[in-house]
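FYI, it's all coordinate maths here, none of it is from the lab. Note that the structure is a prediction, hence the values are computed from the model and not measured. FYI the Cβ positions are ideal-geometry reconstructions off the backbone, even for glycines, and counts take in every protein chain you see.
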There are 2 protein chains.
Amino acid sequence: MNFSSKLIEDAVDSFSSLPGIGKKTALRLVLHLMGQSPQITEQFAETLVRMRRNIKECRQCHNISDAQVCNICNDTHRQDKVLCVVESIRDIMAIEDTGQYKGRYHVLGGVISPIEGIGPSDLNINSLIERIKGGEIKEIIMAISPTIEGDTTIFYVSKQLQEFEVSISTIARGVSFGGELEYADELTLGRSIVTRVPYKNTQDNS
Amino acid sequence: MNFSSKLIEDAVDSFSSLPGIGKKTALRLVLHLMGQSPQITEQFAETLVRMRRNIKECRQCHNISDAQVCNICNDTHRQDKVLCVVESIRDIMAIEDTGQYKGRYHVLGGVISPIEGIGPSDLNINSLIERIKGGEIKEIIMAISPTIEGDTTIFYVSKQLQEFEVSISTIARGVSFGGELEYADELTLGRSIVTRVPYKNTQDNS
């Protein structure tokens, strides 16, 4: 693309360094900012810098936080017995959006992946063990991606935790709710037949 | 979406105020910045602010520019006789990318649109007339969108210019190169039959 201005070119390059934003989209964003008052751009820039400078990692669960300890760890209404282990912050948001979980979290920061050079020491596993040593946690829910790396990670973590009195579960795997069987992938459908569960009529509360 | 941090929420809101960026994409961008060093975010913010503060409108053609007069107006290798009138800066970039035009430009800043409340006085028409009064410009190419508003604008501008000795043309309209006739829209195809042009064998240079 042919930019008549170096300033515009730099701004387009900045935007297009973000994931999923190409040169054309970047130009559209830049021209959008150009069409608004300079204050809008300054506020935008300031918000990003303030966010990046002041955001902290919760020292308990490694969630992102405005303070030393995050809102979820601080929330006295949540159960202390259950701990949900996730890969990333985004997984916490996804689980929180379901409204189905009222326990605590622990962010591993990834999964064990020899190909990408990520070993157990790169993950927040030691701090997880420390939390469990506290003795208050009775159940660990491994909400980790159902991939080979995810399964490796679950296996490794469960090995590390076997000396403690905690039950370990993984989130259920199978066909999606509302999905049609014929569109489910072979592996999921096959595994969901092998790991079938006894029928329980949830509509009948008697 | 459930954000555990007000800082993150503000940053997501900032990103999602940009056109075509929703909350989920905004969150992905914010978490991308979070995963990089604070310097990256600060540079990004600084580039945007510098761009917005220092960019100027070329006082001759209303293109965006780093200086008082833009690169295109300053370029001594371009023809002064031909002036291409466009709606926006983006159109200049699109035409420059074709490499087919070596004259000057004039940015109107939009088209006449009573529905959106844009009248002739909101466009850079007076400065266009001033440039033509200079006497150097012999041809005006109206590279305006082939819409009702665009045609209205072309009509209005041509009326304003009729006292001057300039020839006015519009860019050619018709079926796209490489397109298949059956997929061309009815209006374009119909108009391209009505406005058919005498055949000239461009491959034969004799």
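Structure notes:
- Placing +1 on the Cβ of every Lys and Arg and -1 on the Cβ of every Asp and Glu, with no other charges, gives the range B:34-139 a dipole of roughly 280 debye about its Cα centre.
- Average partner coverage of B:54-67, which counts Cβ from other chains inside 10 Å: 3
- Spread over its residues, the convex hull of the C-alpha atoms of chain A is 239 Å³ per residue.
- The separation of the range B:20-75 from the range A:5-19, counted between C-alpha centres, amounts to 6 Å.
- Computed label-point distance, nm, for sites B:Ala67 and A:Gln162 using a 7 Å Cα→Cβ extension: 7.4
- Between B:Ile64 and B:Cys58, the built amide H atoms are under 5 Å apart, and every one of these is 5 or more places off in sequence or on another chain.
- Across the range A:181-198, computed HN-Hα scalar couplings (Karplus, 6.51 cos²θ - 1.76 cosθ + 1.60, θ = phi - 60°) run 3, 4, 9, 5, 6, 3, 4, 4, 5, x, 5, 6, 6, 4, 9, 4, 10, x Hz from first to last residue, x flagging Gly and Pro.
- Counting Cβ atoms of other protein chains within 10 Å of each residue's Cβ and taking the mean over peptide A:23-34 gives 4.
- Spin-label pair B:Lys200/B:Lys81, simplified geometry with 7 Å Cα→Cβ offset, distance in nm: 1.6
- Left without a cysteine partner by the 4.7 Å Cβ rule in chain B: B:Cys61, B:Cys73, B:Cys84.
- Restricting the range B:1-79 to trypsin sites (Lys or Arg not before Pro) that sit in a DSSP loop and have at most 16 other Cβ atoms within 10 Å of their own Cβ leaves B:Arg59, B:Arg78.
- Put simply, the amide H of B:Leu18, placed in the peptide plane, has no neighbours under 5 Å, leaving out anything fewer than 5 places away on its chain.
- Inter-probe distance in nm under a simple model that places probes 7 Å from Cα toward Cβ, at B:Ser127 and A:Arg59: 5.8
- 10 Å Cβ shell holding at most 14 others, DSSP loop, GluC sites (Glu not before Pro): longest site-free stretch of chain B: B:1-135
- Cross-link table A:Lys133/B:Lys6; A:Lys102/A:Lys133; A:Lys159/B:Lys24; A:Lys200/B:Lys24, entries beyond 29 Å C-alpha to C-alpha: A:Lys133/B:Lys6; A:Lys159/B:Lys24; A:Lys200/B:Lys24
- Per residue of peptide B:180-189, the mean number of Cβ atoms on other chains within 10 Å of the residue Cβ is 0.
- Mean separation of Cα contacts under 8 Å (6+ apart) over length of the range B:117-172, as relative contact order %: 44
- Contact order, relative form, for chain B: 12 percent (alpha carbon pairs under 8 Å, 6 or more residues apart, mean separation divided by residue count).
- Mean Cα-pair separation over length for the range B:6-91, i.e. relative contact order, pairs under 8 Å, 6 or more apart, %: 13
- Counting only the Cα atoms, the range A:105-204 fills a convex hull of 157 Å³ per residue.
- Anisotropy class of the range A:6-53 from Cα gyration tensor, a/c 1.5 cut: oblate
- Part-to-part distance (alpha-carbon centres) for the range A:112-147 and the range B:115-167, which is given in Å: 67
- Rg to Rh, two decimals, where the range B:53-175 supplies the alpha carbon set and Rh follows Kirkwood: 0.94
- Using the Karplus relation 6.51 cos²θ - 1.76 cosθ + 1.60 with θ = phi - 60°, the per-residue 3J(HN,Hα) values for the range B:107-117 come to 8, 6, x, x, 10, 5, 8, x, 5, 8, x Hz, with x marking Gly and Pro.
- In the range B:136-206, chymotrypsin sites (Phe, Trp or Tyr not before Pro) in a DSSP loop with at most 12 other beta-carbon atoms within 10 Å: B:Phe177, B:Tyr199
- Fraction of the pair-distance distribution of the protein assembly as shown above 36 Å, Cα-Cα pairs, percent: 50
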